[in-house]
1. Explain nothing, just the number: dipole magnitude of segment 301-356 about its Cα centre with +1 on each Lys and Arg Cβ and -1 on each Asp and Glu Cβ, in debye rounded to the nearest 20.
2. Could you put Tyr267, Tyr196, Tyr232, Tyr185 in order, starting from the residue whose Cβ has the fewest other Cβ atoms within 10 Å?
3. Is segment 202-345 rounded, prolate or oblate when judged by the Cα gyration tensor, a ≥ b ≥ c being the square roots of its eigenvalues, rounded requiring a/c under 1.5 and prolate requiring a/b larger than b/c?
4. Roughly speaking, what is the stretch gain from Asn353 to Ala245, that is 0.36 nm per residue apart minus the C-alpha to C-alpha distance, in nm to one decimal?
5. Based only on other Cβ atoms within 10 Å, what is the fewest-to-most ordering of Asp297, Asp342?
6. Once the piece of chain linking Ser321 and Ala345 is laid out straight, how much longer is it, given 0.36 nm per residue of separation minus the C-alpha distance between them?
7. Tell me the relative contact order for segment 157-252 as a rounded percent, counting alpha carbon contacts under 8 Å between residues six or more apart.
8. With unit charges on the beta carbon (Lys/Arg positive, Asp/Glu negative), name the residue among Pro303, Thr358, Tyr267 whose Cα is farthest towards the positive pole of the charge dipole of segment 248-390.
Amino acid sequence: MKHVHRWIAFSTLCGLMACGGGGDGSSGSGGSGAVGSGGARAATGGASATGGASASGGSVGTGGTTSAGGNTATGGRTGTGGAVGSGGVVSSGGTTGSGGAAGKGGTGGKAGATGMGGAAGRPAGGSSGSAGATGGATGGTSGSGGTTASGGTTGAGGVTGGGVLSCPGAAPSNVTAAWCSCEQYGQWTNGAATFYNDVWGSGAGKQCIWATTSNEFGFVAQHPNTSGIKSYPNISYSPAKAISAVSSYTSSFAISVPSGGAWESAYDIWVKNGSRIEIMLWMYTTGGVQPIAGKYDASGAVPDVSNVNVGGHTWNVFYGSNGANDVVSLLRTSNTTAGTVDIKAILDWIIANKKSFTSSWSLDQVQFGFEITSDPAVQSFTVTSFSVSSS
């Protein structure tokens, strides 16, 4: 769905930042940020272990010579089974195994029990390391030095692979995407949810979105470091129900995000009664982006109401207009990558305090996504879980 937006350069208003407007996709303001690298949920993997140096197995026992009294000699020095291989960088969680019990001396000495090479360690988010060279125990008949320990399973460092500006390469390698699109207004419906790529802004770069049947979704994007909103990739629900008929409406989310660029993750909620009003809930913001507001100072947008505790979070509230419709923006006072929001409670608060609409208006659309102003480096964003619940 194409959206109509308008943004006003903050340099015109206060010489410091840009502001953006929203339609069905989103509103907010621009600004630029430091270039971030990396993709969502991408772990570095850690250094691969080399397996360590091979243990010599200790000095080999001679088997012992038989003494005149019939007592068996100790068999020389008993082999220890070799030094345990360090595995290069030691996998976290893996305990070092002993090289095996020393073989008994004497002629035909017992080789000793097989030494374990170390329990399989779980690396801290990277590729599996080998656990060390096989230690060889001797001492009489040669004992086996123990089995080589595996380096453990791949660490839970987050989503791996993906991050490519193409389909299906945009989706992480450990995710099975049911849909992927690099089209400007690509969209896909899964049950009650519709996903939109929504690259609507002027001067936008390339962006590819993907989604699963369980409503996990994400995108890879590269947009120039210029002012003005470029896109709002999102998941959307359409309750189309009078607010007075909604007893409860809550939503939960969890996201994995890069550190660079200029953008925010936000709910974009639309109510209507002939005309439409946009309500934005900013959950995470970076790069100096600013909301639409009625007034600005040298620091940026000035809140109309500060530190409002409603809907399970604390917000600063801004009232403004993008030229096409009124916008109410609630910015969380601190960033979060996961949470539950009581949307009905927020609507009731705005009705009681702003009085810009009433409960007879329809809750038309509830969206969640990322409003991107710039991300000059190729970056990956992921919504690892999202849900709505209403009655």
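Please treat every number below as a calculation from the coordinates, not as lab data. What you see is a predicted model; the values in this text were computed from it and never measured. Here the Cβ positions follow ideal geometry from the backbone for every residue, glycine too, while neighbour counts run over all protein chains shown.
1. Computed charge dipole of segment 301-356: roughly 20 debye.
2. Placing the least packed residue first, the sequence is Tyr185, Tyr267, Tyr196, Tyr232.
3. In terms of gyration-tensor shape, rounded.
4. Values: separation 108, 0.36 × 108 = 38.88 nm, distance 2.00 nm.
Length gained between Asn353 and Ala245: 36.9 nm.
5. Listing Asp297, Asp342 from fewest to most nearby Cβ atoms yields Asp297, Asp342.
6. 6.4 nm
7. 25 percent
8. Thr358
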